[in-house]
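Below: the structure, in structure tokens.
The values are calculated or read from the model by the stated rules, or taken from the named source; none is laboratory data. The structure displayed is predicted, hence computed values, not measured ones. So basically every Cβ, Gly included, is an ideal-geometry build from the backbone, and we count neighbours across all protein chains shown. With ligands, DNA and RNA removed, areas are computed over all heavy atoms of the protein, side chains included. Shrake-Rupley method; radii C 1.70, N 1.55, O 1.52, S 1.80 Å.
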Amino acid sequence: ERHIAITSEERLAVALWILHTYIYERYRETPRLALLSPVNGCGKTTLLSLLELLVHYGRSAANVTPAVIYHQIDRNPQTTWLIDEGDNLELHRNAIIRAVLNMGHTRGASVWRMNKGEPHEMRVFAPLAIAAIGALPFPLLRRSITINMQRPGRDQEIERLNDAGTHWDASREQIEKWAMTCALEPEPKIPSQLRHRAADNWRALLAIAD
């Protein structure tokens with residue numbers, strides 16, 4: 001609330017998404033977090049910086065290749081990817097990176113690559129947040145929880161994000177303790193407004209909220 005000009009409902013969704021990065025493997029889907037704005041200056045990069053302070057093994061990138069994404073996830077399956085400047089990735093034209101981002105939504109998703117003359121399976125199932133001006137390809141949006149960001153109003157006082165505060169470490173420590181002990185319902189009650197893919201996207205977050 002102090003650093004990002006989004007609604008209270010969106011703040012709650014972001015908070016639940018942060019927590020889900022620690023327990024996402026308990027569920028079949030890990031929803032993408034799409035930070036979208038009509039213009040620059042809406043706080044997308046700041047929100048990604050805040051996410052990096054709190055998510056599980058956050059890795060930030062403003063320009064990234066599909067190979068970097070799946071090699072990092074293969075090396076550390078707990079990685080949470082935080083991608084800025086998504087509108088510069090040419091997702092509408094780059095089928096490979098588009099497929100990696102889409103497939104990583106569902107448990108068991110992987111790509112196969114040759115490694116030292118042998119086929120090697122590399123997992124792509126992992127949490128991911130992506131920021132962009134404008135829209136993202138529809139299949140990726142269907143796998144996402146969308147935060148529609150706007151520039152702060154004149155009556156909104158937004159504090160500069162300071163990533164040096166010890167309260168970030170304390171918050172992350174609390175989250176880690178919670179993740180080790182929490183009991184979550186595998187099939188939480190889903191509101192009737194959420195169906196099919198939308199229900200899949202919200203299942204883990206609703207279990208955490210409950």
May I ask you to evaluate 6.51 cos²θ - 1.76 cosθ + 1.60, the Karplus curve with θ = phi - 60°, for each residue of the range 126-136 and list the ³J(HN,Hα) values in order in whole Hz, giving x for glycine and proline? 5, x, 8, 10, 9, 10, 7, 8, x, 10, 10
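Given charges of +1 on the Cβ of Lys and Arg and -1 on the Cβ of Asp and Glu, with all other atoms neutral, how large is the dipole of the range 25-73 about its Cα centre, in debye to the nearest 20? Intermediate results must be reported in sequence, preceding the final value.
Working: 5 positive and 3 negative charges, 14 e Å.
Here the size comes out at about 60 debye.
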Convex hull volume of the range 1-57 per residue (C-alpha atoms, cubic angstrom): 89 Å³
Cut-off under 5 Å, modelled amide H: who pairs with L33 long-range: L128, A129, I130, I145
Rounded to a whole %, the carbon-and-sulfur portion of the accessible area of the chain at a 1.4 Å probe is 49 percent
How big is the Rg/Rh ratio for the range 1-100, C-alpha atoms only, Rh by Kirkwood, two decimals? 0.95
Just to confirm the filter: which chymotrypsin sites (Phe, Trp or Tyr not before Pro) across the range 72-125 are DSSP coil and have at most 14 other Cβ within 10 angstrom of their Cβ? none
Under a point-charge model restricted to the Cβ atoms of Lys and Arg (+1) and Asp and Glu (-1), what is the dipole moment magnitude of the chain relative to its Cα centre, in debye to the nearest 20? 600 debye
Go through the range 61-66 residue by residue and turn each phi into a ³J(HN,Hα) via Karplus (6.51, -1.76, 1.60, θ = phi - 60°); whole Hz please, and just put x for glycine and proline. 7, 9, 8, 8, 9, x
Rounded to the nearest Å, what's the spacing between the alpha carbon centres of the range 13-66 and the range 93-151? Just the number, please. 13 Å
With DSSP loop assignment and no more than 12 other C-beta atoms within 10 Å, the GluC sites (Glu not before Pro) in the range 133-210 are E157, E159
Considering only the range 59-170, percent of DSSP beta bridges that pair antiparallel, nearest 5: 50 percent
Dipole magnitude of the range 48-154 about its Cα centre (Cβ charges: Lys, Arg +1; Asp, Glu -1), debye to nearest 20: 200 debye
Unit charges at the beta carbon, dipole of the chain: most positive-side option, A129, P152, V68: V68
Ignoring ligands and nucleic acids, what accessible area does K44 show with a 1.4 Å probe (Å², nearest 10)? 20 Å²
At 0.692 mPa s and 37 °C, Stokes D of the range 63-156 from Kirkwood alpha-carbon radius, µm² per second: 227 µm²/s
Asserting the computed 222 nm helical MRE of the chain (DSSP H runs at least 4 long, -39500 (n - 2.57) per run, divided by residue count, to nearest 500) equals -11000 deg cm²/dmol
Sites matching GluC sites (Glu not before Pro) across the range 64-123 that sit in DSSP coil, with at most 13 neighbouring C-beta atoms within 10 Å: E90
Using only alpha carbons, build the gyration tensor for the chain and give me the equivalent ellipsoid semi-axes, biggest first, whole Å. 26, 21, 18
Return the percentage of antiparallel bridges among DSSP beta bridges fully within the chain, rounded to the nearest 5 %. 30 percent
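Could you work out the relative contact order of the chain, using alpha carbon pairs under 8 angstrom and six or more residues apart, expressed as a whole percent?
Numbers: 355 pairs, mean separation 67.5, N = 210.
After rounding, I find 32 percent.
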If amide H atoms are built 1.01 Å from N in the plane of the peptide, which residues on other chains or at least 5 residues away come under 5 Å of the amide H of G58? T80
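Subtract the Cα-Cα distance of R151 and I190 from 0.36 nm times their separation in residues, and report this length gain in nm to one decimal.
Stretched fully, the R151-I190 segment lengthens by 10.8 nm.
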Go ahead and run the numbers for FRET between E118 and T65, Cβ-Cβ distance against an R0 of 35 Å, rounding to 0.05. 0.95
Accessible area, probe 1.4 Å, largest first, for residues W168, W178: W178, W168
How many times 2.2 N^0.38 Å is the alpha carbon radius of gyration of the range 102-173? 1.71
